[in-house]
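The values are calculated or read from the model by the stated rules, or taken from the named source; none is laboratory data. No experiment lies behind these values; they were computed from the predicted model shown. Virtual Cβ from ideal backbone geometry, glycine too; neighbours counted across all protein chains shown.
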Amino acid sequence: MGFSALQVSKLLGFDGLRFIGGIWLMYNYGVELILYNSKTINYFHALFKFKPNNTKVLITGIHAPSNPANRHKLWNDLKNSLLPDDTPWMLLGDLNEVTSPSEKMGGRNFRMSQCRDLNMLANVACLVDLGFNDNPFTWHNAREGAAIIRERLDRAMTNPSWHNTFPNTQASSTMVASTSKSSPRAWSPPKEDTIN
């Protein structure tokens, strides 16, 4: 039985839905979507106003390209179009990139040069990885024994303004490690009682 994106959104209890490619943005009308901008199938920017105090926040949802050259271009494009520091910003999704040796197990050795552009974006924007309390690896290659490769490709990062506005933000992935790039990941915003 097939469900449309709108049906799935309603079943999960959300009022609003936007999607591009494999990225779905679901939200409730307790927040106001002011602007939704998607220039490519790999990411979108959504500017929200959180009620009751009308705090504006930017959320960037990403499903980064698997091609390294395209992925590094994306990181540089984002780095060259940063928003003002006082805007709370969360960047999240499947970044298709590990950022340290601890995020990879098996396969070829980790090289720091492979994540240079993503780490530079994080440094320039002062983004902090929220981490999460589930399986540290969000992808594997569906092999067993010595042939298995596990990596952490999904993450949520926020800037200092987000941390100052929503200090209790936590990220959790609801899925176990997956072999499929199209398998769903769910990231939850701060709970209403933590929004000041």
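Restricting attention to segment 142-196, the residues that are outside any strand (DSSP E or B), within 25 Å of Lys49 (Cβ to Cβ) and at pLDDT 85 or above total 9. Residues that are at pLDDT 90 or above, over 30 Å from Gly145 (Cα atoms) and surrounded by 21 or more Cβ atoms within 10 Å (Cβ to Cβ) do occur in segment 98-118.
At pLDDT below 85 and of a type in the set (Val, Ile, Thr), is that true of Ile59?
no
Counting only residues that are touching a residue at least 24 places away in the same chain (Cβ under 8 Å), over 15 Å from Leu78 (Cβ atoms) and assigned to a strand (DSSP E or B), segment 25-68 holds 5 of them.
Counting just the residues of segment 69-111 that are under 16 Å from the mean Cα position of the chain (by Cα) and part of a strand (DSSP E or B), which one comes out farthest from Lys56 (Cα to Cα)? Restricting to residues being under 16 Å from the mean Cα position of the chain (by Cα) and part of a strand (DSSP E or B), the top hit is Asp94. Of the residues Ser4, Ser38, Ser66, the single one that is in contact with a Phe, Trp or Tyr (Cβ under 7 Å, 6 or more places away or on another chain) and polar (S, T, N, Q) is Ser38. One residue alone among Leu35, Leu47, Leu25 is under 27 Å from Pro84 (Cα atoms) and under 14 Å from the mean Cα position of the chain (by Cα), and that residue is Leu25. Is it the case that some residue within segment 79-87 is at negative phi, among the basic types (Lys, Arg), touching a residue at least 24 places away in the same chain (Cβ under 8 Å) and surrounded by 19 or more Cβ atoms within 10 Å (Cβ to Cβ)? Scanning segment 79-87 turns up no residue that is at negative phi, among the basic types (Lys, Arg), touching a residue at least 24 places away in the same chain (Cβ under 8 Å) and surrounded by 19 or more Cβ atoms within 10 Å (Cβ to Cβ). Taking the listed residues Gly2, Gly13, the one that is at pLDDT 85 or above, over 20 Å from His63 (Cβ atoms) and in a loop (DSSP other than H, G, I, E, B) is Gly13, with no other qualifying.
When segment 112-141 is limited to residues that are farther than 22 Å from Leu78 by Cβ and outside any strand (DSSP E or B), the one that is farthest from the chain's Cα centre (by Cα) turns out to be Asn141. Exactly one residue out of Asn67, Asn37, Asn28 is under 16 Å from Trp89 (Cα atoms) and surrounded by fewer than 13 Cβ atoms within 10 Å (Cβ to Cβ): that is Asn37.
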